[in-house]
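Undergrad: Here it is: the structure, laid out below.
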Amino acid sequence: MSWKKIVEFSRYPVAFVALFVQIFLIIAMFLFAALAFTPPDTPPQEGQTLGAVVVYGFVIGLFLSFTLWEIGFSIREEQTRGTLEALYLSPANKFSSLVARVFAILLWVTAVSAFAIFFVGSVVGGLPVQNAGLALVVLLFSVSGFLGIAFVFAGVTIKLKETAQFLVSFLQFFFMIFSAQFFPFAALRSASPLIVDGVSRWLPVSYSVDAFRSLLIGTENGKFPELAPIEVEIAIVVLFGIISPIVGYWVYKRIERSARREGTLGEY
Amino acid sequence: MDAIIRVEGLSKTFITKERRKGKKGKRVVHALKDVNLEVYAGENFGLLGPNGAGKTTLIKCLTTLLLPTSGRAWVNGYDIFAHEDEVRASLGCMLMGDRGLYWKLTGRENLDYFGALYHVPRSVRRPRMQYLIDLLKLDDFIDRTVETYSSGQKMLLAFAKALINDAPILFFDEPTVTMDVPTARELRRIVRSLNKEEGKTIVYTTHLMHEAEELCDRVAIIDRGEIIALGTPNELKSSLVREDVVHLEGVLPATTIEKLRAIQGIRNVAVQAETNGRTKLSVLCDNSRLLLPRIIEAVTGNGASLEYIKPQEVTLEDVFIAKTGRSLAVDTREVVKEEKRGGGGRG
């Protein structure tokens, strides 16, 4: 499946390059907007922290978006082309085929993330990088958790078909805002504390964003993490990474079975 | 003989939502009704029936794509509910025509990919692919991306895909449907050779009676989800041995069919085709020589013009007509709609 994805990517070189450039345009948009509202006498360290908040949150957002998009889009594409039924006719493990579906894109996202960090670092004159090992662990468990959401989304795509694409766009922006991917949670709290307490705190993705960037920026200055002590945030992310794929796959299997009962698996 | 596929009381009911004149409603469709059958190892088994009869639903249940509402079935000894992966590994399927292929991959990459999905080891896959490329003469286009293929080429690749895992049981759902005549003939030759020389068990669905007569050892005629006849083509045809079939064509008024049915000795009348005001009819009767004058009398007059009339040998299509009163060319779904509008209809 991953090999097939890579070959298919290679057959769309223009789309591939456009997507790559688009990612940098998005991050540049947020970064320059943030810098534009920074007072001129701000110390360079503040600018670097701001850049770090944007880019580290962006990295988590990128993994989440591409995991959801790739699974949803590829399942929809297979449904319309009839290859989803062909896949179900084979004895191939359905869990592996779901994971393999995103494996190639996750490799690509990892490369883009590294470039994004380098790009922002060069704009703001370097980025804080502390606790890189632990941050990587948080990232891995976060991606595992996102896979769980993606499994549910794969099932939803089988049922809702085209509508699911709109749902993923909504989810992308929902998490972008309520999990504070491009700004600190303090910005949400300044708008209304209810947003953070009523929504953000209930989203595991928020803890992924906060823990990942707090570990990399450093927790010593008391500003980060913003939602809970770092140990608690890491525990939440680890639990999310373990429970989410199990629950997500269970939900996927239920929806898939219902689609096989109703005969909608191959409907397009 | 050993049954390699066994079906016991299989039923499938679909409940679909529909919106008519702004009102939401539910529609219940009994796609399969208590189907029982056995397919023997090494047999070429035909499923014959018009569009919408339930052939594809039955195949989808047996290939695990669709969960039956009730009943049981075993494929290659495996229960289709309890051992889905073992059932899938026992099958090679061509069910979706030229769909089910990756268009951005080449034909060779498609075969390689599907071989991997069926856990065919790479060392076996490569020679198997080359064997299929040679068998189906795919070498001219196998290294092009599928999006550049003609419909016939895609069908051939889909056929090759069904053979990649060298499964003991093959399901072909109307495989020749978009092929030109020589390619379809060649494909039927290969199907015969897979059955006779390689000993594959084949389940072949078609609505073309000549394909079923040419290829199949036994045929099940399916209509409205029920198996209405089962046997060898000769057995089915000999069940009508005391009956003759008369084919006639011309400009015939709507009352003609009723007039013909009213003649004593006529068993059934079916419309084969209606184009440009001309109607083709098949008349099933006890003794065509004796009844021919009365048939001619019934179809002439009242502005009718008879252009062709010929008594013919019994075919599987005639068996279908004898059982249902309709031609195989008629889409069952349309018949059901018509009957609902008219308030009548069977089952």
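Undergrad: Quantify how strongly other chains surround peptide A:252-264 by giving the mean number of their Cβ atoms within 10 Å of each of its Cβ atoms.
TA: Partner-chain Cβ atoms within 10 Å, mean over residues of A:252-264: 3.
Undergrad: Further, regarding this structure: Taking only DSSP H segments of four or more residues, each worth -39500 (n - 2.57), what value at 222 nm results for the protein assembly as shown once the sum is divided by all its residues, to the nearest 500 deg cm²/dmol?
TA: Taking each H run of at least 4 residues, the total per residue is -17500 deg cm²/dmol.
Undergrad: Give the distance, in whole Å, between the Cα centre of segment A:141-197 and the Cα centre of segment A:199-268.
TA: Between the Cα centres of segment A:141-197 and segment A:199-268 lies a distance of 10 Å.
Undergrad: Among A:Phe174, A:Phe58, A:Phe37, which comes first, then next, by fewest other beta-carbon atoms within 10 Å?
TA: In increasing order of surrounding Cβ atoms, one gets A:Phe37, A:Phe174, A:Phe58.
Undergrad: Then there's this: How well do other chains shield peptide A:86-99, expressed as the mean number of their Cβ atoms within 10 Å of each residue Cβ?
TA: Rounded to a whole number, the mean comes out at 6.
Undergrad: OK, next. Within 10 Å of each residue's Cβ, count the other Cβ atoms and sort B:Met94, B:Met209 from fewest upward.
TA: B:Met209, B:Met94
Undergrad: Given R₀ = 22 Å, what would the calculated FRET efficiency be for A:Ala18 paired with A:Leu160, taking r from the Cβ atoms and rounding to 0.05?
TA: Plugging the Cβ-Cβ distance into 1/(1 + (r/R0)^6) gives 0.20.
Undergrad: What's the extension gain from A:Glu77 to A:Leu239 if we count 0.36 nm per residue and subtract their Cα-Cα distance?
TA: 55.1 nm
Undergrad: Also, quick follow-up: Using square roots of five times the C-alpha gyration tensor eigenvalues, list the equivalent-ellipsoid semi-axes of chain A in whole Å, biggest first.
TA: 35, 21, 16
Undergrad: Mind checking the dipole of the protein assembly as shown: about its Cα centre, +1 per Lys or Arg Cβ, -1 per Asp or Glu Cβ, Debye to the nearest 20?
TA: 1300
Undergrad: What value in Å³ per residue do you get for the convex hull of the alpha-carbon atoms in chain B?
TA: Residue-normalised Cα hull volume stands at 173 Å³.
Undergrad: What size of dipole, in debye to the nearest 20, comes out for segment B:176-262 about its Cα centre when the only charges are +1 on Lys and Arg C-beta atoms and -1 on Asp and Glu C-beta atoms?
TA: Magnitude of the dipole: close to 80 debye.
Undergrad: Let me ask something else. As an exercise, use a Förster radius of 45 Å and the Cβ-Cβ distance of B:Glu86 and B:Lys24 to find the FRET efficiency, rounded to the nearest 0.05.
TA: Efficiency, from the Cβ-Cβ distance: 0.65.
Undergrad: Here is a follow-up. Considering only B:Ala262, A:Ile242, A:Gly126, whose Cα is most displaced toward the positive end of the charge dipole of the protein assembly as shown, charges sitting on Cβ of Lys, Arg (+1) and Asp, Glu (-1)?
TA: B:Ala262
Undergrad: Place a point 7 Å from the Cα of A:Leu140 along the Cα-to-Cβ direction; which residues of segment A:102-124 have their backbone N under 16 Å from it?
TA: Label zone hits: A:107, A:110.
Undergrad: Placing one identical point scatterer on every Cα of the protein assembly as shown and ignoring solvent, what is log10 I(q)/I(0) from the Debye formula at q = 0.08, 0.09, 0.11 Å⁻¹?
TA: Result of the Debye calculation: -0.72, -0.84, -1.07.
Undergrad: Sticking with this structure for a sec: Which whole-number percent gives the relative contact order of chain A, counting Cα pairs below 8 Å spaced six or more residues apart?
TA: 29 percent.
Undergrad: Arranged by the count of other C-beta atoms within 10 angstrom, fewest first, what order do B:His119, B:His83 take?
TA: B:His119, B:His83
Undergrad: Nearest 20 debye, what's the magnitude of the dipole of segment A:2-262 about its Cα centre given +1 on Lys and Arg Cβ and -1 on Asp and Glu Cβ?
TA: Its charge dipole is roughly 1020 debye.
Undergrad: Something else about it: Which FRET efficiency, nearest 0.05, do A:Ala33 and A:Arg261 yield, Cβ-Cβ r, R0 60 Å?
TA: It comes to 0.75.
Undergrad: Can you find, among B:Gly277, A:Ile255, B:Tyr149, the residue farthest towards the positive end of the dipole of the protein assembly as shown? Put +1 on the C-beta of Lys and Arg, -1 on that of Asp and Glu.
TA: The one lying farthest along the dipole's positive direction is B:Gly277.
Undergrad: Modelled label-to-label distance, A:Phe95 and A:Ala228, 7 Å Cα→beta-carbon offset: nm?
TA: 2.6
Read the figures in this text as sums done on the coordinates, not as results from a lab. Quick caveat, the model's predicted, so the values are computed rather than measured. FYI the Cβ positions are ideal-geometry reconstructions off the backbone, even for glycines, and counts take in every protein chain you see.
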